[in-house]
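Working notes, beginning with the structure itself.
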Amino acid sequence: MSVERDDAPAPVPPAAWEAGTDLPTVTVTPDRYVPVRYAGASGDFNPIHVDDEFARRVGLPGRILHGLWTMAQVARAQTEAIGGPDAPAALRSLSVEFRGMAVPDEEISVTSKVDRVEDGVAIVKVTARQAGSRVVRNGRAELRLPD
Amino acid sequence: MATSADTAPPAPPIGKAYPPLVYAVGREKIREFARATGETNPVHLDVAAARAAGNADLVAPPMFAVVYAGEALGAGLFDPETGIDMDRLVHGAQAFTWGRPVVAGEEITTVLSLDEVRHVASVDLTHYVFGSRSTAEDGTVVSTGRWSNIVRGAA
């Protein structure tokens, strides 16, 4: 798996987040073995993720990515935006809707924008796109901002 | 629930709670999950770094909830009483809330329930929504999950 990040705009430190702040975009191109590795890591061995022949038989282009792997990229975009050893504890909630399907060997980009900040908690709206389609929509994260 | 009476199989057991399932969180499983999802934060990979940050051991990424609660989900998905056609299943939506991070060495107990079944006749989709609640040995609720699955043409 190759992981790249936009290095264009300098990230805004969490203490300065406000409505409309764009968090750093996370882009990742999962290689063709990612669904197999994620199946092992997560325990979800649904054959549409690990068996090309089965996937094609049920009308898919081939093995597809697990929705929850894509959700993990959405989660990672949030914790990496916070940064540091306490970042995993900052993520208080995350909800997503899956649309269509995401496939290996094609870049996925996760974009996150602060909707509002209330009592030290940022509400962030998140979308994941692949080849122009939204594969995660209506993503919503709650992040407790560092003091 | 809006399943049409003439074609409906026996009603799914909405509200059914499944037996608690205990998952032992291991270091290497955390590392495996972190690597498979592209996590690079040292607290997920390096015990010394995790401890230096005040944790008892490696910290599970938030989405590791999929691992300890996903074990419990299987009981609901494959429950003959629920009657889900796995070949027509797609994952529609997912939500988690987190209490505190989980670390290697903890045992997490998850209770799964079938919270909602909804048939949308116009598009012939049936939504099965499971809820999970995962508790650490100290009584802290470490995460809750809402797992929304959709079965196509399963009326």
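A short reminder: the numbers here are calculations on the coordinates, not readings from a lab. It should be emphasised that the depicted structure is a prediction, and the values quoted were computed from it without experimental measurement. Backbone-built Cβ (ideal geometry, glycine too); neighbour counts: all protein chains shown.
Mean per-residue shielding of peptide A:36-44 is 6, counting Cβ atoms of other chains within 10 Å of each Cβ.
Using 1/(1 + (r/R0)^6) with R0 = 25 angstrom and r between the beta carbons of B:Thr109 and B:Val47, what's the FRET efficiency to the nearest 0.05? Approximately 0.55, to the nearest 0.05.
Counts of other chain beta carbons within 10 angstrom of each beta carbon in peptide B:27-40 average 5. Put a dot 7 Å past the Cα of B:Glu137, heading toward its Cβ, do the same for A:Asp105, and the two dots end up 4.7 nm apart. Backbone N atoms of the stretch B:62-91 closer than 19 Å to the 7 Å Cα→Cβ label point of B:Asp124 belong to residues B:84-91. Using Cβ point charges alone (K and R +1, D and E -1), the dipole size of the stretch B:50-109 about the Cα centre works out to roughly 380 debye. Rounded to the nearest 500, the helix-only mean residue ellipticity at 222 nm of the protein assembly as shown stands at -6000 deg cm²/dmol, with each DSSP H run of n ≥ 4 adding -39,500 (n - 2.57). Along the axis of the charge dipole computed for chain A (Cβ charges of +1 for Lys and Arg, -1 for Asp and Glu, origin at the Cα centre), the listed residues A:Val50, A:Ala75, A:Leu94 are led at the positive end by A:Val50. Mean partner shielding of peptide A:66-73, defined as the number of other chain Cβ atoms within 10 Å of each residue Cβ, is 6. Rounded to the nearest whole angstrom, the semi-axes of the ellipsoid equivalent to chain B, taken from the Cα gyration tensor as √(5λ), stand at 35, 15, 11, largest first. Relative contact order, whole percent, for the stretch B:30-96 stands at 21, derived from Cα pairs under 8 Å and 6 or more residues apart.
Going highest first, how would you order A:105-111, B:66-72, A:17-23, B:28-34 by mean Cβ packing within 10 Å?
Listed from highest to lowest mean packing, they are B:66-72, B:28-34, A:105-111, A:17-23.
For the protein assembly as shown, the dipole from Cβ point charges (+1 on Lys and Arg, -1 on Asp and Glu) about the Cα centre works out to 360 debye, to the nearest 20. Mean sequence separation of contacting Cα pairs (under 8 Å, at least six apart), scaled by the length of chain B, corresponds to a relative contact order of 29 percent.
Placing unit charges on the Cβ atoms only, positive for Lys and Arg and negative for Asp and Glu, gives the stretch B:26-128 a dipole magnitude near 460 debye about its Cα centre. Residues considered: B:Thr97, B:Thr37, B:Thr135. Largest GNM mean-square fluctuation over chain B, using C-alpha springs under 10 Å, is found at B:Thr37. In this calculation the C-beta distance from A:Lys125 to B:Arg146 is compared with R0 = 25 Å, giving a FRET efficiency of 0.85. Ordering B:Met86, B:Ser134, B:Thr109 by Cα displacement along the dipole of the stretch B:82-155 toward the positive end leaves B:Met86 in first place; charges were set at the Cβ atoms of Lys, Arg (+1) and Asp, Glu (-1). Model label points for A:Leu145 and B:Lys16, set 7 angstrom from Cα along the Cα-to-Cβ axis, are 4.6 nm apart.
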